[in-house]
Every structure is written in C-alpha cells, then in structure tokens.
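**Student:** I am attaching a structure below and will ask some questions about it afterwards.
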Amino acid sequence: MKKHNFSAGPSILPKEVIEGAAKAVIELDNIGLSLIEISHRSKEFIAIMEEACQRALQVLNLENKGYKAMFLHGGASLQFLMVAYNLLENKAGYVNTGTWSTKAIKEAKLFGEVTELASSKEDNFNYIPKGYDIPKGLDYVHLTTNNTIFGTQFKEIPTTDTSLVADMSSDIFSREFDYSKFDLFYAGAQKNMGPSGITLVVVKESILGRVTRAIPSMMDYTVHAKADSMFNTPPVFPIYTALLNLRWIEANGGLKGVGANNAKKAALIYNEIDRNPLFEGFAAVEDRSEMNATFNLVDDSHAAVFDKLWTAAGISGLKGHRSVGGYRASIYNALPTESIEVLISCMQEFKKNI
Ligand SMILES: *Cc1c(COP(=O)(O)O)cnc(C)c1O
C-alpha cells in the first residue's frame, strides 16, 4: 500500500508524474529507445529541455520579461557559491533565517564582504525578521523564502531597489507570487519540483556579466544561459520528470490552483495543532510555512504513543529535523488532502489515548 508521504525531501511527487517518468525510462514516446539512453542533443531531448524551460517561466508568469530559466547540476548548495561567484563584487546583504541561509552566507564570504541584514538565530530561527534596514550600495540581497527545517516562510518580500536573490528550494511552484521582484532565484528540484539532481535557476539576463573576476565555465551563468543548459550533459531523467510535474501543475490550475489547495491543506494541519492541547506549533504564527508544518509535543514523554499511532496509519517521514526535534509535516503540492486527514485523525486519536 502506498504510504502517506510527509518527507521533507526528496519528497512526494504526483502519481501520474512518477508513472510517466517510469514509462519513459522503459521507452520514450514510442521511439524505440529509453529516455536515459538517447543523446541529450537528439531532437527528442532538445524538445524536452526547451519545453521544460519554457513551461517553468510560463508557470511563474515570467515569460517575455527578460528572464532565462536553466536546469543546472550540483543542488541548491552549489548555488550558494555560484550566486556569489557571479554577482558579488563588493558587498552583499543576507537575511539569515536558518540552516540553509547560514550555509549560503558561509559560501558567499569566499567571494566578497557579506553583511547579515537580520537574523532570527537567537530564537532558533522560529520567525522571519522584519523591519530591518537595507543599506544602499549592496550588490544584492539574498533571502531564503521558505525555511524547510524550521517551517517559516516569507509572506512579504522586503521592498528595495537592490537586486533580490532567493533560495526557493522548498516553496518554488507552491503559491501565486510576484516572482518578478527577484533578479535571480534558484531551487533544488527534490522538494516540490522533481527528483534530486537538478536545480532550477531563473535569472534576469540583464544582471549577468556585472562582476570583473574570471569565472570558470561550469560556474558561469552566462555560459549556461548561452548554451541553453546544454554546456555539458544535463541530468536528463530529472529534467524530464520535472517537465511532467510542470505539466501536472498547469493541468491543476497553475499556481493559482495549487496555491489555493496548499493554503487549504496548511490551514487544516495548523488548526489541529492549535486546537489539540497535546501539541504546540514551532514557528511564529504569522510566519508559518505552507510547505513544512513544524510542531512538538507539549509533553515529550508521550512520544512513543504518538509515533506508534502514525506509523500504524501508514504515515512516513514525519520526524522533525534534529535541530528542531518533534515533528514536521511536509505538505508539498502533490500531497493529497486525504493524507493530512489521516494525520489529523492520528492526532485526535492520540488525545483520546492520553
Ligand atoms: C534542501 C534545501 C537546500 C539544499 O539543497 P541541495 O539540493 O541538497 O543542495 C537548500 N536550501 C533549501 C531551502 C533547502 O530546502
């Protein structure tokens, strides 16, 4: 039986997407060959790459606005340094909202001066800082729009004339949003887009070529943009699977449709966390993530009872990250409402048992 998959990443994908990807591994579109044994320069794969890049921009409402979508290797972690390599000449501002922002800051410091504009570290990153100043003269400001581990999410994006850059690994394609506020954003695929192995990078082409340093080809956005993500052999399987997922998002009403559904799913789980006296939410209420709901038991000594209940109900991947403890329900696009209802009934059953 298929489990209720609350994993934070790699994570749930729509059943149709997994089936379509499996089919293409056996044989792609009746061409007598598998997706993973054809040249990436074949007309079949070039069409897949072009459609994936075009659909990504279309879903994000960024078509014909000067943006380039690219599928690169190395995960979001490589983007921590590629962003700075390509954009940091003098000084950049970072908002530190968790483990991933902290790692991004560490890498950027290898390339120039980094100023931490704000941080919620003193409260174990349980909120999104607001109301800080953004000084003039920064090369860019970097945000992490959704903090996968702590379960916080930016609802408002700071207003600034400076280029905004964001790590959107765990909330890309999850909500209607003005993506044109950003000059560059990136997302490792394995949270809400596809299998691991690719990172979507969307960049406003006019910001490239600003720094004076020499950049190795594989690190250079301009090189990848010119080569249409084919500078070297791209990871063909995750790109194809991401394309199927983009088609699925469009068939489900685009970001308006999936966003409305995600908001409803998040409200269900947070309502139960708030009304059930045995649980408490981790993140500040106004900053709660619609992708990763973090919560703890009020009394940890009952953990074994609760763990047994949800495990028996076929739930998988609910344990919180070690830096937060407790539980984390990752409720990405593909997670059905039914899975959330099963989790809520476990929480209610737990209350009856204690
Ligand atoms: C998972 C995650 C990362 C790391 O992604 P990799 O693809 O493993 O490098 C970075 N940022 C955020 C917000 C994440 O959720």
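**Student:** For segment 277-354, run through the trypsin sites (Lys or Arg not before Pro) and keep only the ones in DSSP coil with at most 16 other Cβ atoms within 10 Å of their Cβ.
**Tutor:** Arg322
**Student:** Convex hull volume of the Cα atoms in the chain, per residue, in Å³?
**Tutor:** Value for the chain: 132 Å³ per residue.
**Student:** Give me the orientation-averaged projected area of the Cα convex hull of segment 254-353, in nm², one decimal.
**Tutor:** 6.4 nm²
**Student:** Follow-up question, since we're still on this one. Roughly how many whole Å is it from the C-alpha centroid of segment 258-306 to that of segment 16-83?
**Tutor:** 34 Å
**Student:** Please give the charge dipole size of the chain, origin at the Cα centre, charges +1 on K and R Cβ atoms and -1 on D and E Cβ atoms. Round to the nearest 20 debye.
**Tutor:** Roughly 240 debye for the chain.
**Student:** Select from segment 36-127 those trypsin sites (Lys or Arg not before Pro) which occupy a DSSP coil region and have at most 16 other Cβ atoms within 10 Å, ordered by residue number.
**Tutor:** Arg41, Lys65, Lys109
**Student:** DSSP loop (so not H, G, I, E, B), at most 11 other Cβ within 10 Å: list which GluC sites (Glu not before Pro) in segment 83-169 pass both filters.
**Tutor:** Glu156
**Student:** Starting from the Cα of Lys15, draw a straight line to each of the lysines and keep only those under 19 Å, dropping any in the same chain fewer than 8 residues away.
**Tutor:** Excluding near neighbours in sequence, the set is Lys2, Lys3, Lys23, Lys191, Lys265.
**Student:** To check you understand DSSP bridge types, tell me what percent of the beta bridges within segment 15-251 (both residues inside) are antiparallel, rounded to 5.
**Tutor:** 45 percent
**Student:** Taking 2.2 N^0.38 Å as the expected size of a compact globular protein, what ratio does the Cα radius of gyration of segment 192-342 give against it, to two decimals?
**Tutor:** Compared with the compact-globule rule of thumb, segment 192-342 sits at 1.38.
**Student:** What full-extension length gain, to one decimal in nm, is calculated for His302 and Arg41 as 0.36 nm per residue of separation minus the Cα-Cα distance?
**Tutor:** Full extension of this stretch gives 88.3 nm more.
**Student:** Related question: Can you send over the carbon and sulfur percentage of the accessible area for the chain, probe radius 1.4 Å, protein chains only?
**Tutor:** The value for the chain is 51 percent carbon and sulfur by accessible area.
**Student:** So, one more: Helices from the chain with mean Kyte-Doolittle at least 1.0 and a Cα length along the axis of 15 Å or more, per DSSP H: which?
**Tutor:** 75-87
**Student:** At 1.4 Å probe size, with every protein chain present, just tell me what the per residue accessible area of the chain comes to in Å². Kindly include the intermediate steps, with their values, before the conclusion.
**Tutor:** Working: 15120 Å² over 354 residues.
Heavy-atom SASA per residue in the chain reads 43 Å².
**Student:** On the principal axes of its Cα set, how long, how wide and how thick is segment 134-249? Give whole Å, largest value first.
**Tutor:** 43, 38, 23
The values are calculated or read from the model by the stated rules, or taken from the named source; none is laboratory data. As the structure is a computational prediction, the values presented were derived from the model and not from experiment. Heads up, the Cβs are rebuilt from the backbone with ideal geometry, glycines too, and the neighbour counts pull from every protein chain shown. The protein model used for the area step is the full one, side chains on, heavy atoms only, and it has no ligands, DNA or RNA in it. Shrake-Rupley method; radii C 1.70, N 1.55, O 1.52, S 1.80 Å.
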